[in-house]
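Each remark here refers to the structure printed beneath this line.
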């Protein structure tokens, strides 16, 4: 059974869902013939509504996926697609709170700090030291997995301590199971 350890940022996803519902409603109005009954407007409205429905479905599906989870001796890392990277739990050493500074898209040299969760992997787990991920979600290189706080639930020292407690617990259980076999 999958244990959800770190959830996505539902606030950001809800904003996206509201925008998509507004686009869907606008498309439906055009299909219904408002403000004018032109075939081109109806077709455009149908395309807009269809695209909004598809995007809404994808967003709802991805909102259900965690950023980090645990299952059967593996840390599941969702940073690239709907399929997680399955990192053996014995390769995970700890979690810690970090932060990154990013340039804001508006330009002008403005920056913003974002909290991150950093997963430290064992030095001996060289096969897991680098993976391709979506840059907006995080980074995975040099034996560290960095998850941007913008795209996950609110981060705090307490939340990271909870992750470390869960990690210690599942590693103890995993070690006991290995000794019994």
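Structural remarks
- Residue 82 meets the stated requirement of being closer than 27 Å to residue 10 by Cα, free of Cβ contacts under 8 Å to residues at least 24 places away in the same chain, in contact with a helix residue (DSSP H, G or I) (Cβ under 8 Å, 6 or more places away or on another chain) and not in a strand (DSSP E or B).
- Residue 28 satisfies every condition listed in (1) surrounded by 15 or more Cβ atoms within 10 Å (Cβ to Cβ); (2) in contact (Cβ under 8 Å) with a residue 40 or more places away in the chain except (2).
- Selection status of residue 97, assigned to a strand (DSSP E or B), in contact with a strand residue (DSSP E or B) (Cβ under 8 Å, 6 or more places away or on another chain) and outside the structural domain of residue 175 (by TED's automatic domain parsing): no
- Residue within region 84-97 that is at pLDDT 90 or above and loosely packed, with under 12 Cβ neighbours inside 10 Å present: no
- Subset of region 65-79 [in contact (Cβ under 8 Å) with a residue 24 or more places away in the chain and part of a strand (DSSP E or B)]: 68, 69, 70, 71, 75, 76, 77
Matching residues to (1) surrounded by 13 or more Cβ atoms within 10 Å (Cβ to Cβ); (2) more than 17 Å from the chain's Cα centre (by Cα):
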{"residue": "78", "(1), (2)": "yes, no"}
{"residue": "82", "(1), (2)": "no, no"}
{"residue": "119", "(1), (2)": "yes, no"}
{"residue": "128", "(1), (2)": "yes, yes"}
{"residue": "132", "(1), (2)": "no, no"}
{"residue": "157", "(1), (2)": "no, yes"}
{"residue": "170", "(1), (2)": "yes, yes"}
{"residue": "177", "(1), (2)": "no, yes"}
{"residue": "181", "(1), (2)": "no, yes"}
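- When region 146-155 is filtered for residues that are outside any helix (DSSP H, G or I) and surrounded by 11 or more Cβ atoms within 10 Å (Cβ to Cβ), the ones remaining, listed by number, are 146, 147, 148, 152, 153, 155.
- Considering (1) without any contact (Cβ under 8 Å) to a residue 12 or more places away in the chain; (2) within 24 Å of residue 13 (Cα to Cα), the lone condition that residue 165 does not fulfil carries the number (2).
Condition check ((1) in contact (Cβ under 8 Å) with a residue 24 or more places away in the chain; (2) surrounded by 14 or more Cβ atoms within 10 Å (Cβ to Cβ); (3) part of a helix (DSSP H, G or I)) across all residues:
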site: 13; (1), (2), (3): yes, yes, yes
site: 20; (1), (2), (3): yes, yes, yes
site: 37; (1), (2), (3): no, no, no
site: 43; (1), (2), (3): no, no, yes
site: 54; (1), (2), (3): no, no, yes
site: 59; (1), (2), (3): yes, yes, yes
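- In this structure, residue 137 does not qualify as touching a helix residue (DSSP H, G or I) at 6+ places or on another chain (Cβ under 6 Å), without any contact (Cβ under 8 Å) to a residue 40 or more places away in the chain and surrounded by 12 or more Cβ atoms within 10 Å (Cβ to Cβ).
The values are calculated or read from the model by the stated rules, or taken from the named source; none is laboratory data. Keep in mind that this is a model prediction, so the values were computed, not measured. So basically every Cβ, Gly included, is an ideal-geometry build from the backbone, and we count neighbours across all protein chains shown.
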